[in-house]
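Novice: First, the structure itself, so that you have it in front of you.
Derivation of every value follows stated rules applied to the coordinates shown; laboratory data play no part. In this text, all values refer to a predicted model and were calculated from it rather than measured experimentally. Backbone-built Cβ (ideal geometry, glycine too); neighbour counts: all protein chains shown.
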Amino acid sequence: MSSVQNRTKFGAVHLPADGLRCCQMVLLLLALVFVELPIRSITAADSEVEIKLLLNQMESRYASIQDYVAIFHKQERVNGKLLPEETILFKFQKPLKIYMKWIEEPHKGREALYVGGKYENKVIAHKGGFFGFLTVSLDPKGGLAMKGNRHPITDAGLGHLIKGLQKNILAAMERNEFDVIRMDREHFLGRSTLVIEAGSESRGARKYYASRMILHIDKELMIPIGVAFYDEEGQLFERYAYTNLKINVGLIGADFSRDNKAYGF
């Protein structure tokens with residue numbers, strides 16, 4: 001039987017010719033097997049299952065929250081114009097008590113207070129600057145209160161955001177109109193987050209809240225701390241973020257009273 005000499009880095013190896021051909025066949029078969037084996041990747045169905053789980057986790061986490069304090073960053077497009085970002089000290093207590101104080105320009109010094117079932121269900125508010133001493137009571141959905149805003153103060157806060165995300169995402173998934181663009185881990189405003197970028201393609205007369213969204217979920221708190229919404233033309237129309245978020249801090253009645261001496265009402 002003839003032999004073939006193979007040289008390796010460790011020296012010469014003598015193999016019978018038939019043995020060499022056998023080894024070559026084995027290697028070829030192994031190569032074919034590995035080519036045919038599928039490499040598992042995250043499918044659209046996997047992504048949707050994971051997002052549904054995250055939505056449930058956010059809902060469950062929010063149910064455990066009684067109150068919170070944060071710096072609220074808000075930017076909205078109103079009447080076709082993208083307005084400057086607003087930076088607001090935000091206090092919230094369930095079921096619906098809200099205090100807001102604008103701490104940076106363009107509305108620095110402005111304050112707003114809403115307590116469900118109190119103050120005739122009106123917004124107690126005053127502007128910043130020279131006319132800051134004038135306090136008014138406004139219908140939260142009236143023209144004056146809504147000026148420069150896409151939503152009334154009664155819709156502010158994490159709870160409303162979570163409900164809106166659930167409603168639109170689940171509806172789009174049910175109709176196979178939800179497209180996950182990316183899911184990743186990302187640092188956002190100093191926090192470790194899960195980022196979800198997704199689109200919702202409306203068919204026919206149906207409309208979703210946004211054609212595309214970028215959502216940041218705080219990995220530790222399991223709460224959405226940032227979201228940006230884009231319309232069908234790709235224009236940003238809402239961007240919200242929460243920084244310095246502190247949960248269940250034990251807010252008291254004075255935090256939501258127009259008689260609080262620290263407030264300017």
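Novice: Just to verify a result, which residue in the stretch 216-231, among those that are in contact (Cβ under 8 Å) with a residue 24 or more places away in the chain and not in a strand (DSSP E or B), is surrounded by the most Cβ atoms within 10 Å (Cβ to Cβ)?
Specialist: Taking the stretch 216-231 and keeping what is in contact (Cβ under 8 Å) with a residue 24 or more places away in the chain, we get 216-227.
So of that shortlist, the ones also not in a strand (DSSP E or B) come out as 219-223.
Values: 219: 13, 220: 8, 221: 19, 222: 16, 223: 22.
Ranking the qualifying residues of the stretch 216-231, first place goes to 223.
Novice: Also, quick follow-up: With the requirement that a residue be farther than 20 Å from residue 85 by Cβ, among the small types (Gly, Ala, Ser) and touching a residue at least 12 places away in the same chain (Cβ under 8 Å), what does the stretch 200-215 give you?
Specialist: Across the stretch 200-215, the qualifying residues are 200, 202, 211.
Novice: Between 163, 207, 246, 261, which is surrounded by fewer than 18 Cβ atoms within 10 Å (Cβ to Cβ), of a type in the set (Lys, Arg) and assigned to a helix (DSSP H, G or I)?
Specialist: When all the criteria are applied, what remains is 163.
Novice: Restricting to the stretch 183-204, and then to whatever is in a loop (DSSP other than H, G, I, E, B) and of a type outside the set (A, V, I, L, M, F, W, C), can you tell me which residue is surrounded by the fewest Cβ atoms within 10 Å (Cβ to Cβ)?
Specialist: If we filter the stretch 183-204 for residues that are in a loop (DSSP other than H, G, I, E, B), which is where we start, we get 189-190, 201-204.
Checking the rest, the ones that are also of a type outside the set (A, V, I, L, M, F, W, C) come to 190, 201-204.
On the way: 190: 8, 201: 15, 202: 13, 203: 8, 204: 5.
My answer is 204.
Novice: Every residue in the stretch 137-156 that is among the small types (Gly, Ala, Ser) and over 12 Å from residue 114 (Cα atoms), please.
Specialist: Correct list: 142, 143, 148.
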